[in-house]
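In what follows, a single structure is set out as structure tokens and then discussed.
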Amino acid sequence: MEKYLNSPIKELISRFPKLADILNEYNIGCVPCSVGSCLLKDVVGIHNLPEDEEQELMGRIAGVVYPDKDIRIPKIARKNRVSKELKYSPPIKRLVDEHILIKKFLALVPWIIENMDLKSDKWRRLILDGADFIRGYADKYHHAKEEDILFKYFDENLDIIKTMLADHKTGRDHVKALIEAVEKQDPKRLAEHLNGYKELLAEHIKKEDEILYPWIDRGLSVTQVGGLFAKFNDADEKQGKGVQERYEKFVMKAERIAKGKNQKF
Amino acid sequence: MDGCPGSRMQDFRKKPEGAHDESGKRASQLAQWPIQLHLISPMAPYYQKADVLLSADCVAYAAGDFHKDYLKGKSIAIGCPKLDEGQDEYVEKIKSLIDDAKINTLTVMTMQVPCCAGLVATAEEALRSAKRKIPIKSIVLTLQGDVLSEEWVS
Ligand SMILES: [Fe+2]
Ligand SMILES: [Fe+2]
């Protein structure tokens, strides 16, 4: 069993496809993960399941991996086993709040794909403003806080951090491609990358809100929470006033157009 | 359940069995004086950029390991939100800790009794009136000194 505990999760799922259903049942979202290099023991540890549920999960995994053997399951060592439910700390809460605006934009993507007309100046403007939102807000304003500040508190070789960084990079590739598609007036390619970005970020935000951030919060000391909070304030100030408000305005405007009967710009 | 829960008599004397080994001495984790909120000066060096513990008076008597678990590594101010006079000055003092001493965080420790929550309200009022923003955590203890709740309030 030790051997499998130290195996990357994606490898295990492809070898034992039944594991996918079991992990899904426990809301462990490794199946759609694009990287999947986290080790089984870290995957289980990071989700902080109640002890009895974790035992049950490990028993079922052992049942799939060794169907004919009665296997003893080693306990997963965990640094921060805290039973008390702790709400997000203030700096982490700020990132979660930024996700809300990003998700509002993602919710508009199907409408854009369905209605866009690349011959129209207004539509091209709207899509390019959307690309500016992705770059200026989701990436520069939000991901920069994660990459330059938050993730620096951790070993950059941690699989979960590598996975997040890889997602950010894939997002950048999508936005680059979708801007090119606007320039070349290629609606098919544009739809492909808009949708690719939406799917990627929706899953990415879910991973952060539900797994990464709570795990980070469980490990941060009070002093570190204060330090993070101050650094986030400095980072936002450096970007100049009004970034949040400006992009909120853009999303609200796009929502208004999408909801309007004639979809008038 | 009658009368004010903050002053209602309760008896939770421990039975003698199961006493822990209390041999050996423990060092105090207090690193400053004074500590009473009316007496402290936010300009004191030990408050600058510190993680500050704002504790209701009774907390230190309820928590068995107050020094080791809560005071260690922090600067402190204490007060009683129910009986002390001049609570407005408390707001000003805490505001000055936030703006002038530029403290890193504030942890407010109170007892489970309802009147004690006033200390968290005082801290929040100070934060609202301050120019800087900092994280504030609230830890509430039961009368037996266990943690009833621990959460970031702002
Ligand atoms: Fe991210
Ligand atoms: Fe994020």
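Name every residue in region B:102-154 that is in contact (Cβ under 8 Å) with a residue 24 or more places away in the chain and of a type in the set (S, T, N, Q), in order of residue number.
Those that are in contact (Cβ under 8 Å) with a residue 24 or more places away in the chain and of a type in the set (S, T, N, Q): B:Asn104, B:Thr105, B:Thr107, B:Thr110, B:Gln112, B:Thr122, B:Ser129, B:Ser138, B:Thr142, B:Gln144, B:Ser154.
So, of the residues in region A:1-40 that are open to solvent by 70 Å² or more (accessible area, probe 1.4 Å) and under 18 Å from A:Lys162 (Cβ atoms), which turns out to be modelled with the lowest pLDDT?
A:Ser34
Give just the number: which of (1) among the hydroxyl-bearing types (Ser, Thr, Tyr); (2) modelled with pLDDT of 95 or more; (3) over 23 Å from B:Gly118 (Cβ atoms) does B:Ser23 not satisfy?
For B:Ser23, the failing item is (2).
What number of residues within region A:97-120 are within 14 Å of A:Leu201 (Cβ to Cβ) and open to solvent by less than 20 Å² (accessible area, probe 1.4 Å)?
Within region A:97-120, residues that are within 14 Å of A:Leu201 (Cβ to Cβ) and open to solvent by less than 20 Å² (accessible area, probe 1.4 Å) number 8.
Would region A:203-223 turn up any residue that is open to solvent by less than 30 Å² (accessible area, probe 1.4 Å), within 14 Å of chain B (Cβ to nearest Cβ), out of contact with any Asp or Glu (no Cβ under 7 Å at 6 or more places or on another chain) and away from ligand 2 (no atom under 15 Å from the Cβ)?
So far as region A:203-223 goes, yes, one or more of its residues are open to solvent by less than 30 Å² (accessible area, probe 1.4 Å), within 14 Å of chain B (Cβ to nearest Cβ), out of contact with any Asp or Glu (no Cβ under 7 Å at 6 or more places or on another chain) and away from ligand 2 (no atom under 15 Å from the Cβ).
Within the bounds of region A:66-75, is there any residue that is assigned to a helix (DSSP H, G or I) and either at pLDDT 95 or above or open to solvent by 60 Å² or more (accessible area, probe 1.4 Å) (or both)?
Taking every residue of region A:66-75 in turn, none turns out to be assigned to a helix (DSSP H, G or I) and either at pLDDT 95 or above or open to solvent by 60 Å² or more (accessible area, probe 1.4 Å) (or both).
Here is a list: A:Gly171, A:Gly227. Which entry is part of a helix (DSSP H, G or I), assigned by TED's automatic domain parsing to the domain that holds A:Ile100 and within 16 Å of ligand 2 (Cβ to nearest atom)?
A:Gly171
Might you let me know whether region A:96-110 holds any residue that is within 14 Å of another protein chain (Cβ to nearest Cβ), assigned to a helix (DSSP H, G or I) and either within 14 Å of ligand 2 (Cβ to nearest atom) or modelled with pLDDT of 95 or more (or both)?
Within region A:96-110 (the criterion being within 14 Å of another protein chain (Cβ to nearest Cβ), assigned to a helix (DSSP H, G or I) and either within 14 Å of ligand 2 (Cβ to nearest atom) or modelled with pLDDT of 95 or more (or both)), the answer is yes, since at least one residue qualifies.
Return yes when A:Ile160 is more than 29 Å from A:Ile92 (Cβ to Cβ) and at pLDDT below 95 and no when it is not.
No, not satisfied.
Within region A:175-192, is even one residue more than 14 Å from every other protein chain (Cβ to nearest Cβ), within 17 Å of the chain's Cα centre (by Cα) and within 11 Å of ligand 1 (Cβ to nearest atom)?
no
The values are calculated or read from the model by the stated rules, or taken from the named source; none is laboratory data. Computed from a predicted model, the values in this text were never measured in an experiment. Backbone-built Cβ (ideal geometry, glycine too); neighbour counts: all protein chains shown. Just the protein is used for accessible areas: all its heavy atoms, side chains included, with ligands, DNA and RNA removed. Shrake-Rupley method; radii C 1.70, N 1.55, O 1.52, S 1.80 Å.
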